[in-house]
Each structure stands twice: as C-alpha cells, then as structure tokens.
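Encoded as structure tokens, the structure appears first; notes follow it.
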Amino acid sequence: MIQRLGEAIVLRTWPFLEADLLVSLFTREQGRIKGVARHAMRSRKRFGGALEPMTYVRASYAERPHQQTGQELVRLDAFEILSSPLSRPIDYARTAALQLIAEVIEEALPEQAPDDPIFRLALSVLEELQVGRVWLPVVYFALWINRLMGWMPELGHCVVCGEYLRGRAVYYSPTSDGITCADDRRPGSVSLSAESAALAERIFRSPLSSIISEDFPRTRAADLRRFAFDLLERHLERRLVSARTLARL
C-alpha cells in the first residue's frame, strides 16, 4: 500500500455500497483516478463539503486494489479544501459551467495519465468563473483543452487550398478536420466570424486573468463557443450534457 498526499480536483461522486462514495479525482501528480470514500454518506467528519464537484483539495489517499470490483481504486482517507466553488455565489449558469469542466476532463483524459497543463488550466478557469462572469471562462476552457489535446485546427489558412484567412470569416464542418475558406466549404459547414476567429487567436496568447474584466455577455462570440463545443463532441464521440444545458440558457 502506497500512501500519497497531493493536489486534486473533485470531478464526480457516485453512491457505492451502503454508505460509501465512489469519487473521480483529477490529481496533479497521477492524473485522473477513482477512489472510495468510506462511510462518506454517513459521516462528514473526514470530508465535509470537500466532495462537491470541482472542489480543489489536498487529498490524502492510499493505493490498493479493491477486491469487490476488481478495479484499481484508491482508498480516500481525508481531503483538505483549498478552494470550493460553494465559497462564492452560485446560480444555474455557473453550475452548468462547472459541470462542463468536470464532464470534459472526465471524458477526455485517460485514467492515471498526469497532465499538468490541463490541471493548471482547470484551476485558472475555476478562479475566474463567477456569477455574471461565466461565458468567457467557458470559451477559454473549451478552446484551450482542444488545443492541449491536439484537436484544435489551425485558424489562419484554408486546409484545402492554403489561402490566408486571418481577418476573414472561416468555415468548419462538425464532421471533418480543418478550417476552410468560403469557396472550399464542405456540405453542412458552419461559419466562424472574423471577430470570433481573432478572439480565439488572442485567447491562445493571453492568460485568462488578463482579459476577464472585458464585457462578455452570452451573445458575444456565441459562434466561437459552438465551434469549441463541436470540436470537443466530435473528438470525444459523444454529446456533452453540460454543453446542451449551457446552450439552453
């Protein structure tokens, strides 16, 4: 049995056996892991509110195989809250945005594959995600995780003819790779405005903290948000429940 102590973000919890919880954690050192929080549904002494999704914690846990499931589950011993989403006001939009981050990380990352850039991305977005300030962090996260996963196409040139496209509207297909010009757009293509394409390039050059103060209502760069979500769903090969929730707001 190996005892570990490290930073982690809680992604999801499920009831497990009689009073236990199965917890999905995104750890800085080991990537995504699953563990059992014994008696967590009966006693809040060891975990308190630390099992809420997207809580940033210092986790104490021990690695061992769990005999009843045959899976390699860790034994979760205690969590120290470093930052909780419940420490700030919460509304439906912020809840859906938090769920999006958790859902994408859960689906995109394999188990036990450390990814410090994505861990730091998640922390930076969680820091800035507040009531009334949801849409820019959502777009920022969705674009950057596409890039870090290797799914983000190059926005400056047509993938078919090579034409230079900066400063112009571009087109993408939810089922095909690459960005095209208007002449080479594929059946079912969707447009991305020049302003939104330029914003994406700016996001890749800037930390979120340097642009978060800008006015960013839901309607701003809605096509860029859809583009980022379409990319995620295509490569994850599934629809994102949280993205559909945000689209209905």
Qualifying residue in the stretch 79-94 (condition: over 19 Å from the mean Cα position of the chain (by Cα), more than 21 Å from Leu246 (Cβ to Cβ) and open to solvent by less than 50 Å² (accessible area, probe 1.4 Å))
yes
Condition broken by Pro187, with the remaining ones in (1) in contact with a Ser or Thr (Cβ under 8 Å, 6 or more places away or on another chain); (2) within 24 Å of Ala102 (Cα to Cα) satisfied
(2)
With the requirement that a residue be farther than 21 Å from Tyr171 by Cβ and either surrounded by fewer than 19 Cβ atoms within 10 Å (Cβ to Cβ) or not hydroxyl-bearing (Ser, Thr, Tyr) (or both), what does the stretch 220-242 give you?
Leu236, Glu237, Arg238, Arg239, Leu240, Val241
Can you tell me which of Asp215, Asp184 is over 25 Å from the mean Cα position of the chain (by Cα), modelled with pLDDT of 95 or more and open to solvent by 40 Å² or more (accessible area, probe 1.4 Å)?
Asp184
Can you name every residue in the stretch 203-212 that is surrounded by fewer than 18 Cβ atoms within 10 Å (Cβ to Cβ), touching a Ser or Thr at 6+ places or on another chain (Cβ under 8 Å) and not polar (S, T, N, Q)?
Pro207
Listed by first then second residue, the pairs whose first member lies in the stretch 112-141 and is free of Cβ contacts under 8 Å to residues at least 60 places away in the same chain, whose partner is open to solvent by 10 Å² or more (accessible area, probe 1.4 Å) and of a type in the set (Asp, Glu), with beta carbons under 7 Å and at least 6 positions apart or on separate chains, are Val131/Asp91
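The values are calculated or read from the model by the stated rules, or taken from the named source; none is laboratory data. Note that the structure is a prediction, hence the values are computed from the model and not measured. No Cβ is skipped: glycine too gets one built from the backbone with ideal geometry, and neighbour counts run over all protein chains shown. Quick note on the areas: whole protein, heavy atoms, side chains included, nothing else; ligands and nucleic acids left out. Shrake-Rupley method; radii C 1.70, N 1.55, O 1.52, S 1.80 Å.
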